[in-house]
Amino acid sequence: MIETMKKILTISILLSALTLTGCKDFLVQEPITSQSTDQLMSTYNGLNNAVAGAYSPLATNYWYGGLYFLLDADTRAGIAAWPLSSDFQSGRMQTGFTLNYNENSTNGPWTYAYYVIFAANSVIEQLEANSASLVSSIVTQQDLDNIKAESLTLRALGHFDLLRVYSRNDYPELGVPVITVPQESSDQPARNTIAEVYAQIEKDLTDAEALISPDYVRSGVADANATINIWTIRALLARVYLYDATFSGDASKYQLAADYATQVIESGKYTMWKADEYSTVWGNDVGGGEIIFETYQVQANSYDAYWVAPTHMTNPNGYADVCASPLILKAFEPGDVRGAQAGVRDKNEDGQMYCTDTDEKSGDYWPMKYPGKGLGNVTGTPDQNNCVIIRLSEMYLIRAEAMLNGASVAGATAMSDINTIRTNRNATAFTANPVLDDIVQEYMLEFCFEGQYWYTMARLVTAGKINYGITYTTDRTEAQRRGTAGIDTDDRFWALPISRTERDVNPNLEQTPGY
């Protein structure tokens, strides 16, 4: 599969770029299929469009556009539930609900993340080899540095997300293969250690931060927040350093996580959503306010998840496989806008975050973070909805956790940071210093149906920071479907297996423990 991916990589990525850029001088070039790879990658326009196209796979069902980083993660976390009524079950989410992961069901994240990594590597290689010849009276060195920074960041994000899906902190030797050059079809890399993967991710991101212009914004896209700028890089660094600190115990990494989160918080580029606007922000065509980085979902992008996107999977008028579990519905205190339940599904009803089906016959509530953004057909077929990757409230939780672990930030405390979120959600403010369990609970409340809670738990459980042991009093499968069961602290499902397809073509890939 890797060999096939390499052969089609450049042409496919550039074709994808057409849906994002609308660049006239690119569109009037000779047909892509009649150009060689060298021709496509030998000009600034070609490289720039290749980078634009490399964003497209982030929208796939197997990455941020649907299951693995959003809904599937929350089925494992007990936030999502299987609807009670068979009228609202298409059967498309059974693996997550029944915890039936095996080496035939987890290929998607691996495929698409490495696809983007290979694309980034191809651009980086060309830029490093040919920068001098690419600079002209129109193209500056800074122009080249900007697209190199984007490529480095996409490469870092791919490696980081692969690490989150397929690795666990208690098996430090089993990270994921670090790929920093265009691959040959005969290459069969083994898994790098987790420490080595973090070192490469951090190098890529800090290199990108140094290269990118502070005011760079990618042109020709519908949603600038769906592309990388200096604040995206710094927010990712805050997240990565926190994850690395949890793994390594390195106090300096906690401080770096806090410092980068502080830069984003104090940048003035992003604002916390207020309680009275919280329910209105989720169906916007272009993200604002808290949105630091998101996927811009549009059907014209061939990677768009569409029928299995969250708009369909969490909508009783769509496939309706994912509703809210009793766990999450009971977790919100009265008045917390994040848990507001407001009757039948109606995108325009004030304060609505969970809704029943139109006929109120299901007995369940569905989340409203993915109402659809374009057509206003709330009671008909759902359409696309952007998917959030990073937003401002996470920066406060990152900084709060870092401070609980010894980081210091002038004028801020863990209590003030968690209260910044809670007071903007009409939740009761803390009057005493929070502990780690409070931070984890806030991830569940703030990021339900965004996938963040699961990866936070996996990070902390497998590092021995929190105990998530569960005693099952009912059938495990049925309990998990309703969000009333969890995963044992030593369970294999904290990391997913590498697919049989990948291991067949690369016998050097050691399988994730337990599979």
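With only Lys, Arg, Asp and Glu charged, each at its Cβ (+1 for the first two, -1 for the last two), find how big the charge dipole of the chain is about the Cα centre; round to the nearest 20 debye. Walk me through the numbers before you get to the answer.
Numbers: 36 positive and 62 negative charges, 53 e Å.
Charge dipole of the chain: 260 debye, to the nearest 20.
Work through the residues other than Lys465 whose Cβ is under 12 Å from its Cβ and net out their charges, Lys, Arg +1 and Asp, Glu -1.
Details: positive: Arg459; negative: Asp170, Glu401, Asp437.
That works out to -2.
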With N set to the number of residues, divide the alpha-carbon radius of gyration of the stretch 234-378 by 2.2 N^0.38 Å and report two decimals. 1.25
By the scheme Lys and Arg +1, Asp and Glu -1, what is the net charge of all other residues having a beta-carbon under 15 Å from that of Val51? -3
In the chain, taking the dipole from +1 charges on Lys and Arg beta carbons and -1 charges on Asp and Glu beta carbons about the Cα centre, the listed residue (Ser105, Leu236, Tyr306) farthest towards the positive end is Ser105
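Of the DSSP beta bridges with both residues in the chain, give the percent that are antiparallel, rounding to the nearest 5. Can you show the working numbers first?
Details: 8 of 10 bridges.
The antiparallel fraction comes to roughly 80 percent.
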For the chain, what is the largest minus smallest coordinate of the Cα atoms on each principal axis, given in angstrom and ordered from greatest to least? 64, 51, 48
For Glu277 and Ala251 in one chain, what is 0.36 nm times their gap in residues minus the Cα-Cα distance, to one decimal in nm? 5.6 nm
Kindly express, to the nearest 10 degrees and within the range 0 to 90, the angle between helix 141-166's C-alpha long axis and the longest C-alpha principal axis of the chain. 40
Given H placed 1.01 Å from N in the peptide plane, which residues other than close sequence neighbours of Gln384 have an amide H under 5 Å from its amide H? Lys373, Gly374
In nm, spacing of pseudo-spin labels at Val181 and Asn100 (7 Å Cα→C-beta vector): 4.4
Whole-number percent relative contact order across the chain, with pairs defined as alpha carbons under 8 Å at least 6 apart: 22
To test your reading of the geometry: what angle, between 0 and 90 degrees and rounded to tens, separates the Cα axis of helix 44-54 from the longest principal axis of the chain? 20
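Since every read-out is calculated from the coordinates, none of them should be taken as a lab result. All values reported here derive from a predicted model rather than from experimental measurement. Because the Cβ atoms are built from the backbone with ideal geometry, glycine has one as well, and the counts that use them run over all protein chains shown.
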